[in-house]
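Report on the structure given below.
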Amino acid sequence: MTPPKAHDTVFERQRPSDLVIEHALAGARRSAFWLDDIAASRARYETLSGTIEADLVIVGGGYTGLWSALRALERDPDARVVVLEAGRVAWAASGRNGGFCEASITHGDENGENRWPEEMDALRRIGEENLDDIERTVERYGMQCDFERTGTLTVAVEPHQVQWIRDIAPGDGFLDSAAVQAQVASPTYLAGAWDKRSTALVHPAKLAAELARVVTELGGQIFENSRVTGLENDGSGVLLRTVAGGVVRADRAILATNVFPSLLKRNRGMTVPVYDYVLMTEPLSDAQLAALGWSNRQGIADLANQFHYYRLSRDNRILFGGYDAVYYGGGKVRPSYEERPASFSTLASHVLTTFPQLTGIRFTNAWAGPIDTSTRFCAFFGKARAGRVAYASGFTGLGVGASRFAADMMLDLLSGQQTERTELRMVRERPLPFPPEPAASIGINLTRWSLDRADHRAGRRNLLLRSLDALGLGFDS
């Protein structure tokens with residue numbers, strides 16, 4: 001079969017002018033909208049000094065750490081639970097993401113089917129139960145986090161993606177061009193499918209702030225600006241030291257540092273930081289919102305390898321992210337990597353191609369952050385130090401909902417219980433590590449080039465991508 005010739009994508013064929021893009025981005029702040037939005041109400045927590053005792057110490061004050069603390073206190077209200085955060089609660093991925101809280105714990109059904117087909121019925125059910133439990137938790141504690149269970153509208157924006165939509169949504173679930181544009185009016189949409197229950201949208205920073213509030217109300221302690229510098233064995237427990245001279249002695253520990261270097265050497269090659277870039281518009285007027293017809297407020301994602309994700313905020317701004325997933329050689333996390341004008345210009349162009357009726361709109365915020373990417377595209381779990389330490393990492397961009405599952409998983413592991421979760425092959429297996437530099441940079445950037453090439457060749461994957469697929473390896477955002 002002759003491979004299809006390369007062609008421009010819709011985002012290249014219908015690209016707006018440079019002047020229109022520059023106008024839209026003029027004045028955009030280089031800060032995460034979500035964190036700006038809670039700046040006035042955001043709680044502060046003291047820095048640890050001196051020595052304290054705990055039953056459980058958690059390193060990391062993002063979703064994974066905060067869910068671990070909350071779930072530990074729900075399991076045992078008398079437990080002494082301490083959270084140590086290097087900066088401020090939710091300052092990293094938990095305050096910068098798109099706010100898609102998904103049921104999938106395997107980074108989508110296709111990824112799970114390819115890796116653990118015999119477990120997928122259980123993995124789907126567990127993921128759905130996890131999202132249901134998140135919704136119940138939000139309601140139980142009155143968490144003000146703009147939770148909306150509106151689902152995801154998956155759209156085809158290139159002809160070859162239409163069949164992919166048919167494959168994932170056969171029968172009545174398939175929306176042709178007219179039907180999908182009746183949901184949201186974009187001339188780029190050729191087909192679509194709306195999964196109404198698998199995704200909730202949240203205000204990411206509010207969710208983290210509310211998790212922290214509940215943890216402290218249940219009796220947990222949170223310390224900010226308390227970066228952990230060392231993890232030591234301490235008799236039958238562990239001892240952690242912080243940069244400010246604080247010490248925690250605890251029976252058990254959970255490591256929830258995700259994209260940042262693990263305190264366990266065995267895990268330092270298991271993830272790489274991949275930078276994702278995001279824009280936020282000014283609030284849409286009633287006329288602009290009516291022109292889009294986005295009344296059901298679904299999250300939206302397309303099916304390209306270099307895909308986009310976008311959604312409405314509570315005040316009807318559009319968050320638009322994805323496409324560029326950038327790995328910087330050396331695998332470091334650096335603030336300088338967040339400033340990439342080319343990525344912001346590309347995203348602005350794609351917003352206006354998707355919604356030309358919004359020409360003239362301004363972006364108020366442009367930001368970025370690193371994703372803890374693993375070679376299997378979803379989190380891995382384990383324990384160390386004779387069962388005293390548990391860890392989870394490698395969420396690869398889908399950690400908003402899966403972080404709660406990870407919290408229960410780590411607590412199960414620390415308790416020594418055998419549960420349905422701990423017996424999953426998904427949990428018992430570890431992904432392959434990334435190779436050391438310079439092989440990591442060469443491999444990741446060659447894979448990125450191949451993914452872009454596939455998007456320009458009707459989805460046809462080259463030999464490299466097919467080989468990586470066969471090995472269960474790859475690169476994603």
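The values are calculated or read from the model by the stated rules, or taken from the named source; none is laboratory data. In this text, all values refer to a predicted model and were calculated from it rather than measured experimentally. As a convention, Cβ positions derive from the backbone with ideal geometry for all residues, glycine included, and neighbour counts pool all protein chains shown. Keep in mind that these areas ignore ligands, DNA and RNA; they rest on the heavy atoms of the full protein, side chains included. Shrake-Rupley method; radii C 1.70, N 1.55, O 1.52, S 1.80 Å.
Remarks
- DSSP bridge orientation in the chain - percent antiparallel, rounded to nearest 5: 70 percent
- Spin-label model distance (nm) - Arg136 vs Arg30, 7 Å beyond Cα toward Cβ: 4.6 nm
- Heavy-atom accessible surface of Asp8, to the nearest 10 Å², is about 90 Å², with a 1.4 Å probe and all protein chains retained.
- Helical contribution to [θ] at 222 nm, DSSP H n ≥ 4, -39,500 (n - 2.57), averaged over the chain, rounded to 500: -10000 deg cm²/dmol
- Lys/Arg +1, Asp/Glu -1 at C-beta; segment 236-365 dipole; positive extreme among Tyr277, Ser262, His308: Ser262
- What segment 100-216 shows is 41 Å² of accessible area per residue, with the surface traced by a 1.4 Å probe over protein heavy atoms.
- When the Cα positions of Gly235, Val215, Leu465 are compared along the charge dipole of the chain, Gly235 comes out farthest toward the positive end, with charges on each C-beta of Lys, Arg, Asp and Glu.
- With all protein chains in place and ligands, DNA and RNA left out, the 1.4 Å accessible area ranks His203, His160 as His160, His203, largest first.
- Ranking by accessible area, most exposed first, for Tyr141, Tyr189 with a 1.4 Å probe: Tyr141, Tyr189
- Percent accessible area from carbon and sulfur atoms, the chain, protein chains only, probe 1.4 Å: 51 percent
- In terms of its C-alpha gyration tensor, segment 100-190 has an oblate overall shape, because the principal axis ratio a/c (a ≥ b ≥ c, square roots of the eigenvalues) is not below 1.5 and a/b does not outweigh b/c.
- Among the trypsin sites (Lys or Arg not before Pro) in segment 95-140, none sits in a DSSP loop with a Cβ that has at most 14 other Cβ atoms within 10 Å.
- Descending semi-axes in Å of segment 1-123, equivalent ellipsoid built from Cα gyration tensor: 41, 28, 11
- Heavy atoms of Tyr275: accessible area, 1.4 Å probe, square angstrom to 10: 0 Å²
- The calculated FRET efficiency for Glu217 paired with Arg13, based on their beta-carbon distance and R0 = 30 Å, is about 0.05.
- Where labels lie 7 Å past Cα in the beta-carbon direction, separation of Gln418 and Arg268 in nm: 3.6 nm
- Alpha-carbon centroid distance for the pair segment 36-79 / segment 268-302, whole angstrom: 29 Å
- Fully extended contour minus Cα-Cα distance, from Thr364 to Arg385, at 0.36 nm per residue: 2.9 nm
- Distance between the modelled labels on Leu463 and Asp172, one decimal in nanometres: 4.8 nm (7 Å Cα→Cβ projection).
- Residue-wise HN-Hα couplings along segment 7-16, as the Karplus relation 6.51 cos²θ - 1.76 cosθ + 1.60 with θ = phi - 60° gives them from phi, are 9, 5, 7, 4, 6, 8, 5, 10, 5, x Hz; Gly and Pro carry x.
- Value of relative contact order over the chain, rounded to a whole percent, pairs C-alpha under 8 Å and six or more apart: 24 percent
- Dipole magnitude of the chain, debye to nearest 20 (Cβ charges: Lys/Arg +1, Asp/Glu -1, about Cα centre): 1100 debye
- Whole-Hz couplings from phi, Karplus 6.51/-1.76/1.60, listed for segment 88-98; x for Gly and Pro: 10, 3, 6, 6, 9, 4, 5, x, 10, 7, x
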